[in-house]
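Quick notes on the structure that follows.
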Amino acid sequence: MTEPVCRLTEIFTAQRNLMAKFHAIEAANGFRVESSIPVDLDDPHDQLRLKEFAWRVTEEIGETIVAMSHGTTSEKYREEVSDVLHFLVEMLIVAGITPSMIMQTSEGRLERVFGMIRDLHGPDTVTEPLDSFWLYVIVGLTKAMNELKNRPWKQSQKPTNQTEFRHQMIHVFYQFISACIASGLTADDLYEMYFKKNAVNQHRQVSGV
């Protein structure tokens, strides 16, 4: 019997392929990209790059909240959630976080993450306004970024607590899944949404848009 495909790993693999092409475009446009992946979590330049990713995720969350006016079943809302996932997964890859770290097993499965979050919250998963769930993702990102202390204006360097940083970033992913569940989305929905937008991004790369 064939083992089911790990869809979380599929998303990470697809994003890694997508980001490699986008990074080449960014470098050609004169912007700094990672010299290696995962980055050096103690390096101030790499920390700044991670904080740039944090803003990209935050910006997409803002657009997701705005899209709530169209309804959570609307194409606009689903596209914005997919954009959040694209940037968040890329950030996790750059930070050296893998699907197996997210689930703390030899492999990570998207369905397991959804099930774990549902079990954690119980039957009444949605007990707050939806925008609160998205705010929690931003707060989680803020806590993770606060672990990166080597800011450009600092004249002294401080080692990163890498264990705590990765713990906070994994928690951000859990908060993202909580927001998806609160939106009425399933693992199947998220998988489909991701690859639909992935195809759009691949077309943009080929067409030069």
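The values are calculated or read from the model by the stated rules, or taken from the named source; none is laboratory data. Remember, it's a predicted structure, so these values are computed and weren't measured experimentally. Neighbour counts are summed over all protein chains in view; Cβ atoms, including those assigned to glycine, are modelled from backbone coordinates with ideal geometry. Surface areas here come from the heavy atoms of the whole protein model, side chains and all, with no ligands, DNA or RNA. Shrake-Rupley method; radii C 1.70, N 1.55, O 1.52, S 1.80 Å.
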Query raised in the report: Right, H86: out of contact with any His (no Cβ under 8 Å at 6 or more places or on another chain), open to solvent by 60 Å² or more (accessible area, probe 1.4 Å) and within 30 Å of P159 (Cα to Cα) or not?
Result: no
Query raised in the report: Out of all the residues in the stretch 42-63, is one or more open to solvent by 10 Å² or more (accessible area, probe 1.4 Å) and in a loop (DSSP other than H, G, I, E, B)?
Result: yes
Query raised in the report: Which residues, taken from the stretch 115-133, are modelled with pLDDT of 80 or more and under 24 Å from G62 (Cβ atoms)?
Result: I117, E128, P129, L130, D131, S132, F133
Requested in this report: Would you point out the residue of the stretch 154-209, among those that are among the hydroxyl-bearing types (S, T, Y) and part of a helix (DSSP H, G or I), that is farthest from L41 (Cα to Cα)?
Outcome: S207
Query raised in the report: Is there a residue being modelled with pLDDT of 85 or more, under 23 Å from E52 (Cβ atoms), among the hydrophobic types (A, V, I, L, M, F, W, C) and open to solvent by less than 10 Å² (accessible area, probe 1.4 Å) anywhere in the stretch 99-109?
Result: yes
**Report entry** Residue list for the stretch 184-209, restricted to those being buried (at least 17 other Cβ atoms within 10 Å of the Cβ) and among the hydrophobic types (A, V, I, L, M, F, W, C)
**Finding:** L185, A187, L190, M193
**Report entry** Residue, modelled with the highest pLDDT, within the stretch 146-173, restricted to residues that are open to solvent by less than 90 Å² (accessible area, probe 1.4 Å) and of a type in the set (S, T, Y)
**Finding:** T160
